[in-house]
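For reference, the structure discussed in these notes is given below.
Each value in this text was obtained by applying a stated rule to the coordinates, not by laboratory testing. Source: prediction; values computed, not measured. Virtual Cβ from ideal backbone geometry, glycine too; neighbours counted across all protein chains shown.
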Ligand SMILES: [Fe+2]
């Protein structure tokens, strides 16, 4: 069940930064894309300091590549550790995916095959990240419209073993799970049962679009009703501390995202009561 003091906010984009300050009372916390703050830059550092004064911030990594069999990119991990040190968040988050292989950057979050071998790789990389960053890590499920061949377990079973093994919590992206289910013709509520809901501390909420026969998690639309229903189910069962609305395309007015955050907050409060 969601915590009574569970917080709701948005993943902050530059276009909304000014209004986020003006209407700060609308947000309990914000998520920042960690990668935007890894290179020291005086203006960005001042912006981050100002955000830090006003908000609880959760850094969200994109490029740590926890699925890389060759191990983690050490300079990247160091930069992430410095950012977490500056921000002092309650936890930080990263995806279970790979973005680098054979020394090359792929440029997007690629899915890993859910096997024992991949579990060893991710657990080893998570342990390395935990040794560099003492703040708790929440691991996120990605969107993927197809099943990676050679998997020996489901994504939910993989996450169950991973959180048990690493002691990490889970950031459940409800939209990713929802669209993954739709793309496979599976019932998202049944799929949800496979995940370690007792380890889920945060949710992502977003809306995608359909391209021909495939649902794309594009963060381009308002959160659809199916995702809200699934989120309500999660909030009733998981020890949620926070929910974050993600939007990257068709950026609406700040008030629209704040209203979605408010809806997430009221669902969590209702489920905590
Ligand atoms: Fe997400």
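Annotations
- Residue-averaged [θ]222 nm for the chain, counting only DSSP H segments that reach four residues, each worth -39500 (n - 2.57): -12500 deg cm²/dmol
- Measure of compaction for the chain (Cα Rg per 2.2 N^0.38 Å): 0.95
- Computed label-point distance, nm, for sites residue 104 and residue 210 using a 7 Å Cα→Cβ extension: 3.5
- Here residue 117 and residue 62 are evaluated by their C-beta separation; at R0 = 22 Å the FRET efficiency comes out at 0.35.
- The range 116-269: projected area of the alpha-carbon convex hull, averaged over directions, in nm²: 9.7
- Take the Kirkwood radius over Cα pairs of the range 74-127, plug it into Stokes-Einstein at 20 °C and 1.002 mPa s, and you get 165 µm²/s for translational diffusion.
- Virtual spin-label span in nm between residue 46 and residue 1, 7 Å along Cα→Cβ: 4.8
- Protection proxy ranking of 246-259, 53-66, by the mean of other Cβ atoms within 10 Å over each peptide's residues and highest first, is 53-66, 246-259.
- Antiparallel %, DSSP beta bridges [both residues in the range 1-120], to 5: 25
- Approximating the spin labels as points 7 Å out from Cα along Cα→Cβ, the residue 82-to-residue 134 distance works out to 2.0 nm.
- Share antiparallel - DSSP beta bridges, the chain, percent rounded to 5: 20
- Zone residues, the range 20-36, relative to residue 54, backbone N less than 17 Å from point 7 Å out along Cα-to-Cβ: 20-33
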